Structure formats: C-alpha cells, structure tokens
Amino acid sequence: MTPVLELSEVTRRYSQADGSELTVLDSVSLAIEPGETVSVAGRSGSGKSTLLHVAAGIEVPSEGAVRLGGRDLAGLPDAERSRLRGRSVGLVFQFFHLVPYLTVRENVLLPARIARVREVRGTKGDPREVDAAADRLLAAVGLEGRAREPARRLSGGEMQRTAIARALLLRPALLLADEPTGNLDARGAGAVADLLFRLVRDRGAGLLLATHDPELAARADTRLRLRGGRLFADERPPSSGVR
C-alpha cells in the first residue's frame, strides 16, 4: 500500500541576516499509511509547523523528498503542487481561519469554490455531491442547525468544528492539524479531539498532528517528538505534563 505521506531524509534550512543558515529540520524521515494517525510534539520553535508546511508542499525542502500519494512534490511546478494539495490534503489550524461574514456552510464549501472543484474524491463527478458532502459533514460535527449563521457568531469550539468539516470536505487522503485544540478550553478541546480522530478514522485518512498537548498526542497511533530538528519516538507518559 502506498503511504499517503512519505518524507525521506528531509532537511529544511533558512538563510539568516548574518549570512549563516538555520537548520530547522535535519534528515527527517516519516511515512503515514491510510488510516494511520501520527502526533508530533515539541517545544515552541522546534519546527513542528515547518514540518507540516513541508508535508503539505507549502514549503519545499532544502534536501530530501516529500511524496503525497507517491508523487514527489519537489518535481512539480508551483501550480501543480497547489492543485495536488487542494485535492489531497486537508488543513486544520489553531486559529480556525474562517471568513467571519460568510455562513458556516459557505465556510465549509469555500475551498471547493476557490479551486472550482465540482466533485468529491471517490464519487462519480456529480457537482451536487460537494453540497451534499458539506451538509453531511455539518451534521457529523453537530452544526446542521447553524449552517446559515455567520461564522462570527460561533463559539471557539464551534469554529474549530467548522474548520474540521471544511478540511474534510473533499475527502483528502491526508489531514494536517497544527495545534487544533490550542485555542480552546479543556472541555472544548476534548470534544474537538474526539471529533477529529473519529472523522479521520471513519474516512480512512492519514493524520499528522502537531501539538503541545501530551494528552492529545497520546491518542495517536504513533507518537513522535521533534527535538534539534530530528524526530524521535516519544515515550513520555501523557500524565507527565511535559509540554
């Protein structure tokens, strides 16, 4: 089976003002199979967000290869890389990134509208399927009754549930989540985490999750820690409180 995401000896460096280079990722290798969930913990500034950006093809590695569904992102022009990301990757962020004056349903549909995508992966190309998929996801995240309300009226937890529905709309093979519960209280964080893992597993998508939260990290099939630009198995118990 082809991994939904494969990083092979990926290094990411940035040039600094003094002419030196800062290495944020150092020979990172990782593979995620369909239906597998992987968490990456690490201190602020350890490179977790950079790892997700590279995995999504938003940034190109300085060295190494990144493959989405077996396709090497480095060999693709920017436009093709963006198109592949739009169809194969769902993104969930800490700060939701909803358009406040659009309705909840319009926010869920927004990626498909921008990309002019008229079908959901795995369907027969009926353009009505995108709208139907949005309605099913809103029901799945418990927001069907608020579909026509402006997003600005939602609570933080409701905004993140909307963002998860948006990320899953086109049935991406891979979901990338960057601190998805970091802006929520404990109760809201738990509810969003339950929803995120349930929907990812129901749909057979791979999940790469970056988080400071040891309890959230512990829910993944594979737990990793990013330190000094390298990935290590994370053996810390979730009750330790280490962040």
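The values are calculated or read from the model by the stated rules, or taken from the named source; none is laboratory data. No experiment lies behind these values; they were computed from the predicted model shown. Cβ atoms come from the backbone with ideal geometry, glycine included; neighbour counts cover every protein chain shown. Side chains included, ligands, DNA and RNA excluded: accessible areas come from the protein's heavy atoms. Shrake-Rupley method; radii C 1.70, N 1.55, O 1.52, S 1.80 Å.
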**Estimated inter-spin distance, residue 203 and residue 72, nm [label 7 Å along Cα→Cβ]** = 3.0
**Message:** What does the charge count around residue 160 come to, taking other residues whose C-beta lies under 13 Å from its C-beta (Lys +1, Arg +1, Asp -1, Glu -1)?
**Reply:** -2
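May I ask for the Rg/Rh ratio of segment 129-214, computed from Cα atoms with Rh as the Kirkwood radius, given to two decimals?
0.95
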**Prompt:** Which residues does a label at residue 1 reach in segment 26-40, if reach means a backbone N under 17 Å from a point 7 Å past the Cα toward the Cβ?
**Reply:** 31-39
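Only Lys, Arg, Asp and Glu count, each charged at its Cβ (+1, +1, -1, -1), so figure out the dipole size of segment 134-243 about its Cα centre, rounded to 20 debye. Intermediate results must be reported in sequence, preceding the final value.
Numbers: 19 positive and 14 negative charges, 37 e Å.
I would put it at about 180 debye.
Calculate for the chain the 222 nm mean residue ellipticity that helices alone would give, adding -39,500 (n - 2.57) per DSSP H run of length 4 or more and normalising by residue count, nearest 500 deg cm²/dmol. Display every interim value, and only then the final one.
On the way: 7 runs with 80 residues, N = 243.
Here the helix-only value at 222 nm equals -10000 deg cm²/dmol.
At R0 = 22 Å, how high is the FRET efficiency between residue 139 and residue 110 if r is their beta carbon distance? Nearest 0.05 is fine. Mind dumping the intermediate values first?
Details: r = 18 Å, r/R0 = 0.84.
The formula returns an efficiency of 0.75 here.
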**Prompt:** For the pair residue 16 and residue 99, how long in nm is the line joining their label points, each one 7 Å along Cα→Cβ?
**Reply:** 4.0
**Prompt:** Which FRET efficiency, nearest 0.05, do residue 230 and residue 128 yield, Cβ-Cβ r, R0 51 Å?
**Reply:** 0.60
**Item:** Listed peptides 53-60, 150-157 by packing density, highest first (mean Cβ within 10 Å)
**Value:** 53-60, 150-157
**Message:** Just to check I understand the Karplus step: with θ = phi - 60° and J = 6.51 cos²θ - 1.76 cosθ + 1.60, what whole-Hz values come out for segment 102-109, glycine and proline as x?
**Reply:** 7, 6, 4, 5, 5, 5, 5, 7
**Request:** Keeping every protein chain in place, order 234, 131, 202 by accessible area at 1.4 Å, biggest value first, i.e. largest first.
**Result:** 202, 131, 234
